[in-house]
Amino acid sequence: MPRKRKKGLSERQKKILEVLETFQVQNGYPPSIREICTKASISSTSVVNYYLEQLEEMGYIERDRRISRGVRLLKPLDESVQTVSAQIKQAVEAVSELLQIPVLGRIAAGELMPIPSSDFAYYDAESVIEIPQSQLPGREKGKDLFALEVQGDSMIDAMVNDGDIVILKPANEARNGEMVAIWISENNETTLKYFFRENGKVRLQPANPTMEAIIIDDPSTLEVRGKVVMVIRQVSGLPS
């Protein structure tokens, strides 16, 4: 059954339409994703993409994803605003409520890598990523979630690439087959892998056919720090 199209616009959607219209008039060409972020006071390109997808479904814009400025306004803002009712606006805002998840540092997705202190100083205390609550899995309400930047390509077949952001929930245990953030206390090393407990050992399995599994003979040296609940893909090809 096709998904029912929402009517009306949230305040964030109206703001993005206003940015698109004003920027086009002033410059003669559409804004980039990063320029929309700046003009609409949105910190995350993934959140802008989320709202652009909604606006495209609702027929307000047209997109060409092959180019960085491939957004075209189909309806003027005045026409868009006329469709909003207070009841519908509140419902849309509730669905699109944003969660601020702290970005705590980097996680290796490759060979086991020592944790340089500089990596955890890379992000300051105010570094966050904004996620619409409706994008999270049903049971994950955002409480205690944290984010890490992926460094390496051992999980590419799981659609986790170098530079992506993984959202995790804190955990100290894992079931076989779960993607987890692992800390090896013996050498102060960290990695992101699939977890398997086998024959008294732990196998940390990459999702890359060119890489070998890491076998931990002594599971007591290993700590599970979090389970991956969501991946935020890096937006490439954007102007700085």
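Could you say which residue among GLY163, GLY177, GLY152 is within 22 Å of the chain's Cα centre (by Cα) and either outside the structural domain of PRO102 (by TED's automatic domain parsing) or without any contact (Cβ under 8 Å) to a residue 24 or more places away in the chain (or both)? Break it down stepwise before answering.
Values: GLY163 fails: either outside the structural domain of PRO102 (by TED's automatic domain parsing) or without any contact (Cβ under 8 Å) to a residue 24 or more places away in the chain (or both); GLY152 fails: either outside the structural domain of PRO102 (by TED's automatic domain parsing) or without any contact (Cβ under 8 Å) to a residue 24 or more places away in the chain (or both).
Checking each option against the conditions leaves just GLY177.
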Exclusive hit being of a type in the set (D, E, K, R), surrounded by 12 or more Cβ atoms within 10 Å (Cβ to Cβ) and either modelled with pLDDT under 80 or out of contact with any helix residue (DSSP H, G or I) (no Cβ under 7 Å at 6 or more places or on another chain) (or both), set ASP124, ASP164, ASP78: ASP164
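Taking segment 27-36, which residues are closer than 16 Å to LYS14 by Cβ and part of a helix (DSSP H, G or I)? It would help to see each step written out before you state the result.
Taking segment 27-36 and keeping what is closer than 16 Å to LYS14 by Cβ, we get 31, 36.
Once the filter is applied, which keeps residues that are closer than 16 Å to LYS14 by Cβ and part of a helix (DSSP H, G or I), segment 27-36 yields only ILE36.
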Given (1) among the hydrophobic types (A, V, I, L, M, F, W, C); (2) within 22 Å of the chain's Cα centre (by Cα); (3) closer than 27 Å to LEU136 by Cα, number of the condition ILE67 does not satisfy: (3)
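For segment 184-198, give me each residue that is assigned to a loop (DSSP other than H, G, I, E, B) and either of a type in the set (Asp, Glu) or at pLDDT 90 or above (or both). Let's see the steps before the verdict.
Applying the first criterion (assigned to a loop (DSSP other than H, G, I, E, B)) to segment 184-198 yields 185-188.
Scanning segment 184-198 gives a single hit, GLU186.
The values are calculated or read from the model by the stated rules, or taken from the named source; none is laboratory data. Since we're looking at a predicted model, the values are computed, not measured. Heads up, the Cβs are rebuilt from the backbone with ideal geometry, glycines too, and the neighbour counts pull from every protein chain shown.
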